[in-house]
Amino acid sequence: MTSCAVIGAGPVGTTMALALLRAGFDVTLFEREPALPADPRAATLQPPTLEMLHELGTGGTIIDKGLKAEVFQFRDRASDEIIAKYDYGNLAGETPFPFAVQCEQFKVADTNARAIEAMRPGTLRLATQVTGFDDRGDGVSIRFDGPDGDGEMTVDYLVGCDGGRSLTRKALDIAFEGFTYEERFLVLTTTHDFFQRGFAVRNYVLDPKQWCALFKVPHDGPPGLWRTVFPAPAADGEVDALCDSYVRQQIGGLDSSLTLDDVLHRNIYAVNQRVAASFRKGRVFLAGDAAHVNNPLGGLGMNSGIHDAINLAGKLVAAQAEPDRAEALFDAYDEERRSIAKTYVQAQTIQNKKRLEAKTPEARAAAKAELHDSSADPERHKAWVMNASLIAGLRSLNSEKET
Ligand SMILES: Cc1cc2nc3c(=O)[nH]c(=O)nc-3n(C[C@H](O)[C@H](O)[C@H](O)COP(=O)(O)OP(=O)(O)OC[C@H]3O[C@@H](n4cnc5c(N)ncnc54)[C@H](O)[C@@H]3O)c2cc1C
């Protein structure tokens with residue numbers, strides 16, 4: 001039986017572990033925290049991700065826990081005018097799930113983790129931090145520190161799904177190429193009901209200084225909560241972006257009836273656009289944020305990470321059946337997923353930010369015209385949602401394989 005260790009029980013690591021377990025691998029999933037992290041981060045699941053999770057048996061539960069988002073909306077902050085509405089209903093016939101689902105990432109990880117533990121109890125080792133590893137050529141020896149002290153194990157393969165600060169990537173000495181935005185992102189969670197003003201479940205608000213992403217999450221059930229993402233000054237600046245006056249200024253500009261009492265959580269994040277120079281070295285692989293990070297505008301980070309996990313699981317299963325092809329399969333994982341990360345995920349998220357914050361009147365007018373015109377034209381509208389949902393990227397990979 002092929003053995004594999006996975007570091008990190010986020011949405012990507014739990015998907016990886018579940019996919020391999022279902023394929024009959026001997027899997028160990030390490031998570032350094034004593035419980036799955038529940039901080040407010042990703043929440044959007046795109047249709048191909050729903051298909052993959054459905055295949056793993058957890059998609060139905062995740063859809064039931066989430067909110068369906070058929071439409072997403074672009075507005076202008078100054079005029080409050082709705083510039084464009086994109087409808088995932090246009091994806092009918094392309095996917096069995098022609099909608100996005102808003103479901104907090106820890107619920108995705110938790111649903112996968114429960115499925116893992118139901119299949120093989122003890123696979124998930126909480127409060128156990130991987131501290132190092134050596135690729136010996138015929139296997140990988142791993143050192144960890146858990147509730148019973150230090151331990152060691154040897155496995156055939158190791159997958160680092162250990163997030164943006166990945167120990168795996170650093171230990172492999174793989175460069176994380178790209179850049180960090182000077183500004184940071186301020187995430188505010190509020191009980192305020194934006195449906196009253198005609199917002200959709202997912203919205204993007206254009207403004208040169210106070211652009212905003214606004215989306216609903218189910219939380220503990222109806223009525224749910226709303227998350228807003230605003231730009232915030234650099235950490236070394238003079239403004240404290242978490243202070244009352246800055247928060248009031250951001251939310252007040254979005255809706256003058258909002259007060260500080262409506263804000264439940266305040267978080268601030270540094271934002272990176274980076275892709276690892278390689279997604280594998282020998283018997284060790286990177287997936288998810290360990291391999292690529294991007295700004296959250298477009299809801300693509302968690303999704304593309306889950307797509308990495310499914311792609312890599314397929315390659316590991318194929319390599320088990322045909323060991324002679326293992327090297328070629330593993331190189332293909334690196335090439336395919338790195339190419340998607342660069343061509344689709346990095347390109348789209350960078351473009352999404354530029355569009356929201358268009359600075360000059362000319363750039364703003366061009367961004368609005370592009371949104372308006374492409375949403376009004378049925379062919380361009382469909383092409384837009386094919387791209388935004390990551391279906392186009394995955395199809396391009398399949399058509400390359402066929403040619
Ligand atoms: C504000 C914000 C909003 C976002 N919104 C979206 C969105 O709407 N849609 C979207 O697709 N993406 C979004 N993202 C990105 C998304 O959160 C990440 O892409 C996603 O969390 C990646 O999942 P992961 O499993 O790769 O990593 P993580 O979720 O970071 O999980 C890594 C896990 O590894 C564990 N770990 C780390 N090191 C070790 C070790 N040595 N030993 C054991 N365990 C270890 C950590 O404790 C953690 O549980 C957003 C991100 C932010 C910051």
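Taking the condition of being modelled with pLDDT of 95 or more and either touching a Cys at 6+ places or on another chain (Cβ under 7 Å) or surrounded by 19 or more Cβ atoms within 10 Å (Cβ to Cβ) (or both), how many residues in the stretch 62-89 meet it? Number of matching residues: 12. Residue count for the stretch 18-33, restricted to those that are more than 15 Å from the ligand (Cβ to nearest atom), touching a residue at least 24 places away in the same chain (Cβ under 8 Å) and surrounded by fewer than 17 Cβ atoms within 10 Å (Cβ to Cβ): 2. Would you check if residue 138 is within 30 Å of residue 236 (Cα to Cα) and in a loop (DSSP other than H, G, I, E, B)? No, not satisfied. Please verify whether residue 262 is closer than 30 Å to residue 341 by Cβ and more than 25 Å from the chain's Cα centre (by Cα), treating the condition exactly as stated. Judged against the criteria, residue 262 is not a match.
Within the stretch 172-189, residues that are of a type in the set (A, V, I, L, M) reach partners that are within 13 Å of the ligand (Cβ to nearest atom) and not in a strand (DSSP E or B) with beta carbons closer than 7 Å, at six or more positions or on different chains, in the pairs 187/40.
When 324, 261, 255 are screened for being of a type in the set (Asp, Glu) and either in contact (Cβ under 8 Å) with a residue 60 or more places away in the chain or at positive phi (or both), only 255 passes. Screening the stretch 1-17 for residues that are among the β-branched types (Val, Ile, Thr) and assigned to a helix (DSSP H, G or I) and picking the one that is surrounded by the fewest Cβ atoms within 10 Å (Cβ to Cβ) gives 14.
Only residues that are within 16 Å of the ligand (Cβ to nearest atom) and part of a loop (DSSP other than H, G, I, E, B) were counted in the stretch 89-121, giving 4. In the stretch 34-44 there is no residue that is within 15 Å of the ligand (Cβ to nearest atom), part of a helix (DSSP H, G or I) and either closer than 24 Å to residue 161 by Cα or out of contact with any Phe, Trp or Tyr (no Cβ under 9 Å at 6 or more places or on another chain) (or both). Taking the criterion of being in a loop (DSSP other than H, G, I, E, B), in contact (Cβ under 8 Å) with a residue 60 or more places away in the chain and either in contact with an Asp or Glu (Cβ under 6 Å, 6 or more places away or on another chain) or loosely packed, with under 11 Cβ neighbours inside 10 Å (or both), the residues of the stretch 141-168 that qualify are 163, 164. Within the span defined as the stretch 58-78, one or more residues are within 15 Å of the ligand (Cβ to nearest atom) and in a helix (DSSP H, G or I). Restricting the first member to the stretch 102-127 and to residues that are at positive phi and surrounded by fewer than 19 Cβ atoms within 10 Å (Cβ to Cβ), and the second to residues that are hydrophobic (A, V, I, L, M, F, W, C) and not in a helix (DSSP H, G or I), the beta-carbon pairs closer than 9 Å and six or more apart or on different chains are 127/35. If the condition is being within 10 Å of the ligand (Cβ to nearest atom), part of a strand (DSSP E or B) and of a type in the set (A, V, I, L, M), then the stretch 122-135 contributes only 130. From the residues in the stretch 273-317 that are in a helix (DSSP H, G or I) and touching a Lys or Arg at 6+ places or on another chain (Cβ under 7 Å), which one is farthest from the ligand (Cβ to nearest atom)? Looking at residues that are in a helix (DSSP H, G or I) and touching a Lys or Arg at 6+ places or on another chain (Cβ under 7 Å), I get 311.
With respect to residue 199, determine if the residue is out of contact with any Cys (no Cβ under 7 Å at 6 or more places or on another chain), exposed (fewer than 14 other Cβ atoms within 10 Å of the Cβ), closer than 28 Å to residue 103 by Cβ and of a type in the set (Phe, Trp, Tyr). Taking the combined requirement at face value, the residue does not satisfy it.
The values are calculated or read from the model by the stated rules, or taken from the named source; none is laboratory data. In this text, all values refer to a predicted model and were calculated from it rather than measured experimentally. All Cβ positions, glycine included, derive from the backbone under ideal geometry; neighbour counts span all protein chains shown.
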